[in-house]
Every structure is written in structure tokens, then in C-alpha cells.
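Rule-based calculations on the coordinates, nothing more; no lab input. Here the structure is a predicted model, which means the values were calculated and not measured. Here the Cβ positions follow ideal geometry from the backbone for every residue, glycine too, while neighbour counts run over all protein chains shown.
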Amino acid sequence: MGKQKKAKPSLTIQKRLDRCRAELRQRGIPAYLITSRMDQIYLTGFNGEDGAALITSRGVHIITDGRFEEAFRLQIPWAQRHMRQNSLAETVAKVCRKLRLPELHFQPDDVTVQENAALRKACRPTRLIGAPPIVTHMRRIKDRSELKKLRHAISIAEAAFKAAKRKIKIGMTEIEIAAFLEFEMKKRGAMGPSFPTIVAEGKNAALPHAEPGQRRVRRGSLILIDWGAISEYYCSDLTRMLFVGKIPARLAEVYQIVLEAQQRAIESIAPGKRVCDVDEVARAYIAQKGYGAEFSHGLGHGIGLDIHEDPRVKYGFTDRLEAGMVMTIEPGIYLPGIGGVRIEDDVLVTARGHEVLTHLPKSLASAMIQ
Ligand code: GLY
Ligand code: MN
Ligand code: MN
């Protein structure tokens, strides 16, 4: 009988673990407890919904429960498994004792006050310390496998939108359109929508994050649709406007302003640029056209395993763009009692500038439906 091959992480996962460990070493962190599910998926490939990953210089310890035992065996047989019978804190404490850890660094953003207290108490004498956002920081720059997944999540969302657009008829409710769009995404392999789909008709579109309801499409409707698909855990995020039959002159003007602001901001994207300066390109143009107060949110945000992640593309944030970042660019103008216009695309920062990953048309003519 030949020797059994020892299970190993994939090359992608190994690279991420190596980078994470280099950071931990540099910061003098002996053990890092990851409780964020998306960070865990990113760093280990294990998608169990219950659990945590404890990373040391030599091992990856997964703490989970019986529902995910088989998933563990299939996904990361190379890691060490600790099945949780009681609370997460007690199982983490057991691992700390076994490894004789003097301190354990955890993710303060991801742990409740209660969990924090339970962990501190159970793990004694191991000291609990809040860690800097190491994995979150790594996730800002997408590698090749992530870009492939993002592109796929975008292509699903775009194909579903084209199918839904053909079906929109006078009399349909916002909720029906949202459901239809989500169905079309799932039909094409999406795990689900990246966030509850926004379909906002008429003056509902003046609310940047409106909830779809029973408003119906009618002749002359303006409809704001903000949607995205999750594919292999990666999220796409787009917004398009539709105008049914005709478009009031004021909204046509606002549409052109938002479109021009978005195009100017996208053109300014390049490595080294500060995110607040990209925001300012769109904001200054909209203000110059007289709608500064009606653009009430940041210009965009990173997308990836989470729908909103770093970098935030917003006033007050001074991070510099780096090749491999993927972000939305989504200026909007919202007019209470009338409606609103937002246009959103997903953009990759490249070594030389940028690449717009979304391809749905966005001219005013393309937004008209009968
Ligand atoms: N759909 C949420 C957003 O655009 O940020
Ligand atoms: Mn969106
Ligand atoms: Mn967005």
C-alpha cells in the first residue's frame, strides 16, 4: 500500500495564509481568532456557518459544530478540527489551553459585548486582545480567482436584468419586479441577491435605499433598480433607471447630470488616487449643476465577499487606490416628492488606470421602455 497523500490547502489559500502569517509575525501576534464568516471563507476556504478559525504560525484550527463536520472533511481536511459541544468561548478556551497560548487576538468588529466577556472569562489565563483588521485589509486587493468570481457575479446580474427589463409591464408592482429579477439571477446560478433588491417607482426613488412595495408601474413611471448577484460568495452591485413611455424634462436633465458625474469619476480612477478625490470629482460636478445637497451619500464602496467593504469611496476617507481594488461608482440625485436618479457600475483599479467591469448600457435612450 502506498503512503496516503497528506491533504494540503490550495495554492490560493496557502498564499493567503502565508501573507496573513507574515502580518501576524510582524505584529508579534501569536494567535488570531477569526469569527467573521467571510474572512474565514477567504482565508481557509471553509464555509461552515457556525464557527471560527484560529490561526497560528503552524496551524489552522477550525471550531465548528456537527452540522458542518462533513463540509469540513470535504473542504479543508488539512486543517485541525475542534467540534463544539458547548459555547464557542469554551471550545476556543480548550484550544488556547492545548496550544498554551499566552494571548489570543480577536476581531473586535465581529464580536458582541457579550461574546467578548464570555471569551475573556473562559480563555483565562490566555489574554484576549483586539486585533487590527488584517484580513479585511488583505481583502481590498482582489486576486485573479476573486476577479473571475466577481466578473461572473456581474454577468449573472446583467443577464438577469436584460431578461427582467423585457418583462416589465404597466401594472406590475415594485415587489413583483424585484422577485422576478431575483428569480432570473437564481436561474442563472446565483446563490442569491447580494442584498434585498431595490425597485423604487416614482417618488419612492427619492429614497436612496427604498424598500419595494405595492406601487405599480404606470405610463410615465421612473423606476430605480439597484440589484446584484452572489456567485461563489462574491457580490455584484449595479443600479439602472428605467423610464416608461416618456420622461419629464427635469428628470432627463438630472439623469444626464448623474451620468456625466459618474463618467467623470470613473475616468479619474487610477492607482495612487485618494478615494476622497474620486468622490469629489462627482460631487463637485453635481454641485456645480445645482444639486449638491441632493447627492446625500458617498460615491461608492468596495465589493467582494461583502456587498460593502473597503475601500469606502467617500469624502473624509484618504485611502489611496491600488491595482486590484474593485469598487462601485454610484452617484445619485434625490428629489423628495418627485423621484431620484442613481447610476451604479463596478470598476476595477488596474496598474494603468481602471476597467469598468459592468457593461449594461446607460444612455438615456437605453433607459426608455414602452
Ligand atoms: N445596493 C446597495 C448599494 O448600492 O450600496
Ligand atoms: Mn447598489
Ligand atoms: Mn452599491
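Looking for something touching a residue at least 12 places away in the same chain (Cβ under 8 Å) and over 30 Å from ILE41 (Cα atoms) - is there at least one such residue anywhere in segment 186-200?
For segment 186-200, residues touching a residue at least 12 places away in the same chain (Cβ under 8 Å) and over 30 Å from ILE41 (Cα atoms): present.
Name the helices (runs of 4 or more DSSP H) wholly inside segment 1-105 in which the number of residues that are in contact (Cβ under 8 Å) with a residue 12 or more places away in the chain and within 22 Å of TYR233 (Cα to Cα) is 3 or more. Walk me through it before giving the result.
On the way: elements: 11-26, 37-44, 69-75, 88-99.
It comes to 11-26, 37-44, 69-75.
Among the residues of segment 186-240 satisfying the criterion of being β-branched (Val, Ile, Thr) and either out of contact with any Lys or Arg (no Cβ under 6 Å at 6 or more places or on another chain) or part of a helix (DSSP H, G or I) (or both), which is farthest from ligand 3 (Cβ to nearest atom)?
By that ranking, first place goes to VAL217.
Across segment 242-290, what is the number of residues that are within 15 Å of ligand 3 (Cβ to nearest atom) and either more than 24 Å from ASP310 (Cβ to Cβ) or among the β-branched types (Val, Ile, Thr) (or both)?
Number satisfying all stated conditions: 4.
Yes/no per residue for (1) exposed (fewer than 15 other Cβ atoms within 10 Å of the Cβ); (2) of a type in the set (Lys, Arg); (3) in contact with a strand residue (DSSP E or B) (Cβ under 6 Å, 6 or more places away or on another chain):
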residue	(1), (2), (3)
GLY59	yes, no, yes
GLY66	yes, no, no
PHE72	no, no, yes
ASN86	yes, no, no
GLU103	no, no, yes
PHE106	no, no, yes
ARG124	yes, yes, no
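Does ALA205 meet the test of being surrounded by 20 or more Cβ atoms within 10 Å (Cβ to Cβ), more than 17 Å from the chain's Cα centre (by Cα) and in contact (Cβ under 8 Å) with a residue 12 or more places away in the chain? Break it down into steps so the answer makes sense when it comes.
Working: surrounded by 20 or more Cβ atoms within 10 Å (Cβ to Cβ): yes; more than 17 Å from the chain's Cα centre (by Cα): yes; in contact (Cβ under 8 Å) with a residue 12 or more places away in the chain: yes.
Considered against the rule, which asks whether it is surrounded by 20 or more Cβ atoms within 10 Å (Cβ to Cβ), more than 17 Å from the chain's Cα centre (by Cα) and in contact (Cβ under 8 Å) with a residue 12 or more places away in the chain, ALA205 comes out as yes.
Can you tell me which residue among GLY290, GLY272, GLY298 is assigned to a loop (DSSP other than H, G, I, E, B) and under 27 Å from GLU174 (Cα atoms)?
Of GLY290, GLY272, GLY298, the one residue that is assigned to a loop (DSSP other than H, G, I, E, B) and under 27 Å from GLU174 (Cα atoms) is GLY298.
Mind checking which residues of segment 21-41 are within 17 Å of PHE68 (Cα to Cα) and among the hydroxyl-bearing types (Ser, Thr, Tyr)?
THR35, SER36
Residue by residue through segment 34-57, note down the ones that are surrounded by fewer than 14 Cβ atoms within 10 Å (Cβ to Cβ) and over 16 Å from ILE134 (Cα atoms).
Once the filter is applied, which keeps residues that are surrounded by fewer than 14 Cβ atoms within 10 Å (Cβ to Cβ) and over 16 Å from ILE134 (Cα atoms), segment 34-57 yields GLU49, ASP50.
Go through the residues of segment 255-265 one by one and say whether even a single one is more than 16 Å from ligand 1 (Cβ to nearest atom), touching a Leu at 6+ places or on another chain (Cβ under 8 Å), assigned to a helix (DSSP H, G or I) and aliphatic (A, V, I, L, M).
Yes.
Within segment 315-353, how many residues are more than 12 Å from ligand 3 (Cβ to nearest atom) and of a type in the set (Lys, Arg)?
Here the count works out to 2.
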